[in-house]
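The values are calculated or read from the model by the stated rules, or taken from the named source; none is laboratory data. These numbers come from a predicted model, not from an experiment. When we count neighbours, we look across all protein chains shown, and the Cβ atoms used for this are built from the backbone with ideal geometry, even at glycine.
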Amino acid sequence: MLCRPGVFSESRNVVMYLTRMLRGDSSQQIGEYFQMSKYSSVSSMIERVKAEIAHNRRLEQRTEKLLSWINKSQEQT
């Protein structure tokens, strides 16, 4: 799941945020999955998503909808 450096990808960043929130993966683990060599960038992205969720009601609603869907799918397994 490669993305060009410097390009903001909301969907990729939200997935990184949710990976940390739901699985507790380290920045290094998330960075390896997303092919990012600077793990500090992963932490920065996650913090940026947290801040954006706090200020962007639409993003908050979409993220909560994803969390709800994920939680329901886990209950069914």
SER26 vs. criteria among the hydroxyl-bearing types (Ser, Thr, Tyr) and either modelled with pLDDT of 90 or more or within 9 Å of the chain's Cα centre (by Cα) (or both): yes
Tally of residues being within 16 Å of ARG12 (Cβ to Cβ) and either of a type in the set (S, T, N, Q) or touching a residue at least 60 places away in the same chain (Cβ under 8 Å) (or both) across the stretch 33-61: 5
Selection within the stretch 32-50 - closer than 12 Å to ARG20 by Cβ and among the charged types (D, E, K, R): GLU47, LYS50
